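Taking it in order: structure first as structure tokens, then the write-up.
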Amino acid sequence: MLTNRVKELRARFNMTQGELAEKVGVTRQTIVSLEKGSYTPSLLLAMNIAEVFEMPIEGIFSKEEKKS
């Protein structure tokens, strides 16, 4: 499972979901789904988000091991 810090970083940068969506070329609903954890971004989207926040992808997205 992929977890992310998009909501936290977006708040830190004082950015709305709509503003982030516009900067990375997706709909606001995509950002909503991403923040809720119900959407796994493409590599290109993850790279675009990392570029907006000026962070490495690994600083925003992390892999969470499945519990068995």
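The values are calculated or read from the model by the stated rules, or taken from the named source; none is laboratory data. Keep in mind that what you see is a predicted model, and the values were worked out from it rather than measured. Here Cβ is always computed from backbone atoms with ideal geometry, including for glycine, and neighbour counts include all displayed protein chains. Remember, those area values only see protein heavy atoms, side chains included, never the ligands or the DNA or RNA. Shrake-Rupley method; radii C 1.70, N 1.55, O 1.52, S 1.80 Å.
How much of the accessible area of the stretch 1-52, probe 1.4 Å, is carbon plus sulfur, in whole percent?
Accessible surface attributable to carbon and sulfur in the stretch 1-52 totals 52 percent.
Rounded to the nearest whole Å², what accessible area per residue is found for the chain with the 1.4 Å probe?
For the chain, the per-residue accessible area is 70 Å².
Using θ = phi - 60° and the Karplus curve 6.51 cos²θ - 1.76 cosθ + 1.60, what whole-Hz ³J(HN,Hα) does each residue of the stretch 9-21 get, with Gly and Pro shown as x?
So the Karplus estimates, Gly and Pro as x, are 5, 4, 5, 4, 8, 6, 10, 7, 4, x, 5, 5, 4 Hz.
Please give the charge dipole size of the chain, origin at the Cα centre, charges +1 on K and R Cβ atoms and -1 on D and E Cβ atoms. Round to the nearest 20 debye.
260
For the chain, treating each Cα as an identical point scatterer without solvent, what Debye log10 I(q)/I(0) comes out at q = 0.22 1/Å?
Scattering profile of the chain, log10 relative to I(0): -0.90.
Looking at Asn4, Phe53, Val26, which one has the Cα that reaches farthest to the positive end of the dipole of the chain (charges on Cβ: Lys, Arg +1; Asp, Glu -1)?
The one lying farthest along the dipole's positive direction is Asn4.
Calculate one ³J(HN,Hα) per residue across the stretch 44-57 by plugging θ = phi - 60° into the Karplus curve 6.51 cos²θ - 1.76 cosθ + 1.60, and present them in order as whole Hz with x for glycine and proline.
4, 5, 4, 5, 5, 5, 4, 5, 4, 8, 6, 9, x, 3
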